[in-house]
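K.L.:
One structure, as structure tokens, below. Some questions next.
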Amino acid sequence: MLILPLDRKLLRDLSHMKGQMVAVSLVMACGLAMMIMTRSLILTLEGTRDAYYERNRMADVFDSLKRAPMSMAERVAAIPGVAAVEARVVVDVTLDLPAVPEPATGHIVSLPEDRPQVLNQLFLRSGRLPRVDQRREAVVSEAFANANKLQAGDSIVAVLNGRRDTLFITGIGLSPEFVFEARAGETLPDNKRFGVFWMNYRAVATAYNLDGAFNDLCLDISPGAEAAPVIAEMDRLLANYGNIGGYTRRDHASAQRLNDELNVLRALSVAYPIVFLSVAAFMVNAVLARLIRLQREQIAQMKALGFSSWQVGLHYLKFGLVIVVIGTLIGALGGRFMGGSLVHMYTMFFRFPSLVFHMDYSAMGLALLVSAVAASLGVASVVWQAVKLPPAEAMRPEPPTDYKPSVLERMGLAKHFTPTFRMAMRNIERRPWQSLFTIAGLSLATGLMVLPGAMSDSIDYLLTYQWNMAQRQDVVAFLTEPGSGSGFHDLQHLPGVISAEPVRSVQARLRNGPHSRRLSVTGMPPGANLNRLLDGNGRQMDLPEGGIVMSAKLAEVLGAKLGDEVVVEVLEGERPTRTAVIRGLIEDFAGIAAYMDLATLRRFMREGETINGAYMTIDAKYWDAFMRKVKDTPRAAIVLVKKDQLAAFRKTTGESIGIIRTLYFVLAVIVAFGVVYNSARIALSERSRDLATLRVVGFSQKEVASVLLGELGMLVLAALPMGLLFGRGITTFIITSLSTETVRMPLVVSLFTYTTAVIVVLTAAACSFWVVGRMLDKLDLVGVLKARE
Amino acid sequence: MCREGALHTAILRHVTDALNPLPDSPALPSHPVFTARGLSKVYHTGELDVVALNGVDIEFNSGELVVLLGPSGSGKSTLLNILGGLDVPSSGQLSYRGWDLTNVDEHTLTLFRRNCVGFVFQFYNLIPSLTARENVALITSIARDPMTPEEALDMVNLGNRMDHFPSQLSGGEQQRVAIARAIAKRPEVLLCDEPTGALDITTGITVLEAVERINRELGTLTVIITHNASMAQMADRVLNLSDGQVVKSRRNETRLPVRQLDW
């Protein structure tokens, strides 16, 4: 292959500056890797989700109701715009797992017996579907089966409408409506204690007196048809059947959770590359500026020989482009590797028939383009300066650099400074942009170290706050059906109960102008002390009589503020619609919630002492007895044990934070080392004459190194506080992007996190100092001093 | 401080730990400043060995002004660099006031340069970010018994340009700052490698006058490399080098003042 002489020069020059090439390429690669990783994860999750939804026919509209005859399903099917209807029975049952002391929850979904499923089709991983004539056979969701080590052929005890029954597992399956498999409103899955079961329609319907009827409906909307009019018509048709109200896939718990995750990834896929590439662009600029200053005479020679300005410009542009190509390749490999590791993390949260990492090659192309633009911007100004120079002028040595006293000296502080300190100050001031970007790069590294620590801090705080300050109960028990006061009495008298507070929750739609949300409104007695409502300052809030208290996030979603009136449309019982004034906003971090004083809510519902469940504290001595009794209490459907939730939370988030932490640690070290190395290398090259002079006049190697590194050290020290601020900023940004209706995090950064970030960056900087210090030792004193400037 | 008489103190304080006296010659101020015996330097460049110095035997005495003449590649600069502790010989022996300089470590050479030798190069090598005064202060901050930067700059007639940055000084002025910087430590030796090579005649004269004045007033052994043969008349002794050897050595009966040199 014929290589043009100019390209040969390019390759040789590059091999002389390989350290810097690698440093800049790596910083660039970090940004590109993050970009390629996030975009590939978006492609992977979105692609897998869309294919899964399509193949297994995920419904467009969902609805649940009390009980409606099957004939109503046909009438819903006849609504214009409805393509398919799946009417089914869905119930929550208590499971008695031998290995789990607490009762677990089984979410049973009925399967049609006379035909295959039309919507939300089951993906059978192994085994078979229940036989039509078998009442007790069930397919179990994969996450639950894995967590409890269940397989086809095993059996499990469930309490179906008050009757203990043994269910035989025939297969393991998945469904597009349970990609995120958790109880409604839960932030993280607890696969050990919550599972989905698919059983024959008749088996479930008979047990719940729903034979010939349904209590859950899924619709497929025809292509081109609007969901809203369909939902309105369906709600009208089913109004008398205890209809909760239809909602689209956007509000479906599992689909929404997946969407939230994708939105976070989208935000990151833009933010990271911008930050990293800005720093990398500057590094390219600094390296090339130095190179062009050194090659001033060569440029003049090239032009004297007849190369055009364009050819010379392109030659130097190629240096930047080589860095870009190397950066993109490393970035692509890094992105692929990181994406591959993170996909594994997603399988903890999201269940698909298969989740295989797909590299977004278009992202690689985009990465190449974006970084080429960034590098070109970085190179353009210096290349332009080089090519516009007339050859004769370029042949002459550059005029001596102009210096002036630094700001501090002009302020009259000069007498306190040593000559070497003055050199450092004046050098920094003479190249403010170079200094600024070195600081920016180091701030980036510091900030990157702050972020994962802060996320960990936030979670720690969340666990302390949410679990110890707000939720002081040991368990929450819910009844299968809302019950009278005697239901509360029964719960209160379970063994070991120290205190109990009744809960009444009703499904409702909260409306403020065009904004609305469907959720449970929870009624609690005055002075409730087990589930405490805390405001933004962590102060307990009393439930005012009349009015409503809600999550600050809910108010934000509804576009309402304290004192505003919202419409509460209850979706059960007599379905009253009233208005309520927002009397308080609470700071909570999972889901969105609304609370009312118990008496007010009951008045609202025009009902007596109805409850759904209770918050309870349990004497540890009676824990097992309590749990045994609950398992045997047919009316208790769901029991949430605080410590289990805590453990599940810690396990899943702990693992993912661990992965993220390692990732960011590597990025921070690369950036810190790369930026300091590059700056030190350039400083060494630019100041080799000064440094050699110092050596010749009798400064020791250490003293000379301290001159060079003192200046960089000042930049490092300046960068640290800025980096900590930047870290806090980027944490705020990420936590804000994470702040969705399903999950939120408090902004907490501990001193430990800040300290760790500082130590890591200082260590990385010290390592670069060491490397450059060794080069300084090898400086050819005489050679440098006898060369023309 | 490395002037005669104070040499012992200086050497003892700074260099004795590392410098070993030659077995047969106790260190005394009466010794020549430098004694070289069979001094050779070979550079290995690629597959080629370049002999820069080839068995030089020579002595330099206190207060002398010596001019080294010779074509490019004759070994002048190599000799100067070895004398100044910037380089080490490949073989042979070099002693400074009777102290062996050939087998010493980098730290000792640093101390030697710091306290005993001043350098002036063709290119002034001032630190551009420091003013004239600060460039000199750089040395006075580390040397044992320096003069003040003001004294040093006065000696080269730059008392009125002390707070100017190198970019604000002419070439001759910059070179005189370099000389002031070299002599501020009161060195025993001043080594100048083509100090006027980058200057015009008039400026060159002022620079050489400064060098001569220092030699005369401070009694500093001064060795000057030049291509300009007419400068030989200002020296006490003129050495001609060729192919790494001293081929001719002559002593001038009288030294001509710089202004009277025939340029």
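The values are calculated or read from the model by the stated rules, or taken from the named source; none is laboratory data. Only a predicted model underlies this, so the values are computations on that prediction, with no experimental measurement involved. Cβ: placed from backbone, ideal geometry, glycine included. Neighbour counts: every protein chain shown. The protein model used for the area step is the full one, side chains on, heavy atoms only, and it has no ligands, DNA or RNA in it. Shrake-Rupley method; radii C 1.70, N 1.55, O 1.52, S 1.80 Å.
K.L.:
Which of the residues belonging to the range A:103-116 are assigned to a loop (DSSP other than H, G, I, E, B) and surrounded by 19 or more Cβ atoms within 10 Å (Cβ to Cβ)?
P.N.:
A:PRO103
K.L.:
Also, I was wondering about something else. So which of A:VAL312, A:VAL287, A:VAL279 ends up being more than 30 Å from A:GLY335 (Cα to Cα), in a helix (DSSP H, G or I) and over 19 Å from the mean Cα position of the chain (by Cα)?
P.N.:
A:VAL312
K.L.:
Moving to a separate point now. Looking at the range A:117-129, which of its residues are open to solvent by 10 Å² or more (accessible area, probe 1.4 Å), touching a residue at least 60 places away in the same chain (Cβ under 8 Å) and either within 30 Å of the chain's Cα centre (by Cα) or closer than 29 Å to A:ALA648 by Cβ (or both)?
P.N.:
Result: A:GLN121, A:LEU122, A:PHE123, A:ARG125.
K.L.:
Return the total of residues in the range B:57-103 being within 14 Å of another protein chain (Cβ to nearest Cβ), in a loop (DSSP other than H, G, I, E, B) and hydrophobic (A, V, I, L, M, F, W, C).
P.N.:
2
K.L.:
Could you say whether any residue in the range B:126-138 is in contact with a Ser or Thr (Cβ under 7 Å, 6 or more places away or on another chain), among the polar types (S, T, N, Q) and facing another protein chain (nearest Cβ under 8 Å)?
P.N.:
no
K.L.:
Looking only at the range A:682-722, count every residue that is within 13 Å of chain B (Cβ to nearest Cβ), over 40 Å from the mean Cα position of the chain (by Cα) and not acidic (Asp, Glu) and tell me the total.
P.N.:
Number of matching residues: 20.
K.L.:
Only one of (1) open to solvent by 60 Å² or more (accessible area, probe 1.4 Å); (2) within 22 Å of A:ALA440 (Cβ to Cβ); (3) among the acidic types (Asp, Glu) fails for A:GLU711. Which number is that?
P.N.:
Going through (1) open to solvent by 60 Å² or more (accessible area, probe 1.4 Å); (2) within 22 Å of A:ALA440 (Cβ to Cβ); (3) among the acidic types (Asp, Glu) one by one, A:GLU711 breaks only (1).
K.L.:
Yes or no: the range A:461-477 includes at least one residue that is in contact with a helix residue (DSSP H, G or I) (Cβ under 7 Å, 6 or more places away or on another chain), under 16 Å from A:VAL671 (Cα atoms) and open to solvent by 30 Å² or more (accessible area, probe 1.4 Å).
P.N.:
no
K.L.:
Oh, and also: Of all residues in the range A:770-779 being touching a residue at least 60 places away in the same chain (Cβ under 8 Å) and open to solvent by 30 Å² or more (accessible area, probe 1.4 Å), which is farthest from the other protein chains (Cβ to nearest Cβ)? Let's see the steps before the verdict.
P.N.:
Step one: of the range A:770-779, the residues touching a residue at least 60 places away in the same chain (Cβ under 8 Å) are A:771-773, A:775-777, A:779.
Checking which are open to solvent by 30 Å² or more (accessible area, probe 1.4 Å) leaves us with A:771, A:775, A:777, A:779.
On the way: A:VAL771: 20, A:MET775: 16, A:ASP777: 9, A:LEU779: 12 Å.
Of everything passing the filter in the range A:770-779, A:VAL771 is farthest from the other protein chains (Cβ to nearest Cβ).
K.L.:
Which residue is nearest to A:ALA203 (Cα to Cα), if the candidates are limited to the range A:68-82 and must be in a strand (DSSP E or B) and open to solvent by 10 Å² or more (accessible area, probe 1.4 Å)?
P.N.:
So the first thing to find is which residues in the range A:68-82 are in a strand (DSSP E or B), and the list is A:68-69, A:82.
So of that shortlist, the ones also open to solvent by 10 Å² or more (accessible area, probe 1.4 Å) come out as A:69, A:82.
Values: A:PRO69: 17, A:VAL82: 28 Å.
Here the answer is A:PRO69.
K.L.:
Output the number of residues of the range B:105-124 satisfying the condition of being assigned to a helix (DSSP H, G or I) and either more than 8 Å from chain A (Cβ to nearest Cβ) or under 13 Å from B:LEU86 (Cβ atoms) (or both).
P.N.:
Step one: of the range B:105-124, the residues assigned to a helix (DSSP H, G or I) are B:106-116.
From what's left, either more than 8 Å from chain A (Cβ to nearest Cβ) or under 13 Å from B:LEU86 (Cβ atoms) (or both): B:106, B:108-110, B:112-114, B:116.
Total meeting the criteria: 8.
K.L.:
Does the range B:151-168 contain any residue that is out of contact with any Leu (no Cβ under 6 Å at 6 or more places or on another chain), within 9 Å of chain A (Cβ to nearest Cβ), of a type in the set (A, V, I, L, M, F, W, C) and open to solvent by less than 30 Å² (accessible area, probe 1.4 Å)?
P.N.:
yes
K.L.:
Return the pair list, or none, for Cβ contacts closer than 9 Å from residues in the range A:206-220 that are surrounded by fewer than 15 Cβ atoms within 10 Å (Cβ to Cβ) to residues that are in a strand (DSSP E or B), at least 6 apart or on different chains.
P.N.:
Listed by first residue and then by second, the contacts come to A:ASN209/A:ARG67; A:GLY212/A:PRO69.
K.L.:
Being among the β-branched types (Val, Ile, Thr) and assigned to a strand (DSSP E or B) is the requirement here; does A:VAL85 meet it? Outline the logic, then answer.
P.N.:
Values: among the β-branched types (Val, Ile, Thr): yes; assigned to a strand (DSSP E or B): yes.
So A:VAL85 fits the description; yes.
K.L.:
How many residues does the range A:571-589 hold that are within 26 Å of A:THR740 (Cβ to Cβ), part of a strand (DSSP E or B) and hydrophobic (A, V, I, L, M, F, W, C)?
P.N.:
Of the residues in that region, 4 qualify.
K.L.:
OK, next. Quick one: which residue in B:THR131, B:THR140 is closer than 21 Å to A:MET425 by Cβ, under 19 Å from the mean Cα position of the chain (by Cα) and among the polar types (S, T, N, Q)?
P.N.:
One residue alone meets the criteria, B:THR140.
K.L.:
Specify the residue that is farthest from A:ILE459 (Cα to Cα); the eligible residues are those in the range A:712-769 that are of a type in the set (Val, Ile, Thr) and free of Cβ contacts under 8 Å to residues at least 40 places away in the same chain.
P.N.:
Among residues in the range A:712-769 that are of a type in the set (Val, Ile, Thr) and free of Cβ contacts under 8 Å to residues at least 40 places away in the same chain, the one farthest from A:ILE459 (Cα to Cα) is A:THR763.
K.L.:
Still on this structure, I have one more. If the requirement is being open to solvent by less than 30 Å² (accessible area, probe 1.4 Å) and without any contact (Cβ under 8 Å) to a residue 40 or more places away in the chain, which of these qualifies: B:THR45, B:THR108, B:THR35, B:THR102? Give the derivation first.
P.N.:
Details: B:THR45 fails: open to solvent by less than 30 Å² (accessible area, probe 1.4 Å); B:THR108 fails: without any contact (Cβ under 8 Å) to a residue 40 or more places away in the chain; B:THR35 fails: without any contact (Cβ under 8 Å) to a residue 40 or more places away in the chain.
It is B:THR102.
K.L.:
Additional query: Go through (1) in a loop (DSSP other than H, G, I, E, B); (2) open to solvent by 10 Å² or more (accessible area, probe 1.4 Å) and name the single condition B:ILE127 misses.
P.N.:
(2)
K.L.:
Kindly indicate whether A:VAL570 is closer than 17 Å to A:LEU598 by Cα and open to solvent by less than 40 Å² (accessible area, probe 1.4 Å).
P.N.:
When the stated conditions are applied, A:VAL570 passes them.
K.L.:
Sticking with this structure for a sec: Kindly list, by first and then second residue, each pair from a residue in the range B:174-197 that is touching a residue at least 12 places away in the same chain (Cβ under 8 Å) and more than 9 Å from every other protein chain (Cβ to nearest Cβ) to a residue that is open to solvent by 10 Å² or more (accessible area, probe 1.4 Å) and assigned to a strand (DSSP E or B), limited to pairs with Cβ atoms under 7 Å and residues at least 6 apart or on different chains.
P.N.:
B:LEU191/B:PHE119
K.L.:
With the requirement that a residue be away from chain B (no Cβ under 14 Å), assigned to a helix (DSSP H, G or I) and either open to solvent by 90 Å² or more (accessible area, probe 1.4 Å) or modelled with pLDDT under 70 (or both), what does the range A:387-414 give you?
P.N.:
A:LYS388, A:PRO391, A:ALA392, A:GLU393, A:ALA394, A:MET395, A:MET411 - these are the residues of the range A:387-414 that are away from chain B (no Cβ under 14 Å), assigned to a helix (DSSP H, G or I) and either open to solvent by 90 Å² or more (accessible area, probe 1.4 Å) or modelled with pLDDT under 70 (or both).
K.L.:
Could you identify the single residue in A:LEU65, A:LEU95, A:LEU26, A:LEU43 that is over 28 Å from A:VAL506 (Cβ atoms) and crowded, with 20+ Cβ neighbours inside 10 Å? Step through it out loud before you land on a result.
P.N.:
Working: A:LEU65 fails: over 28 Å from A:VAL506 (Cβ atoms); A:LEU95 fails: over 28 Å from A:VAL506 (Cβ atoms); A:LEU43 fails: crowded, with 20+ Cβ neighbours inside 10 Å.
The unique qualifying residue is A:LEU26.
K.L.:
Across the range A:544-558, what is the total count of residues that are in contact with a Ser or Thr (Cβ under 8 Å, 6 or more places away or on another chain) and open to solvent by less than 30 Å² (accessible area, probe 1.4 Å)?
P.N.:
Final tally of qualifying residues: 4.
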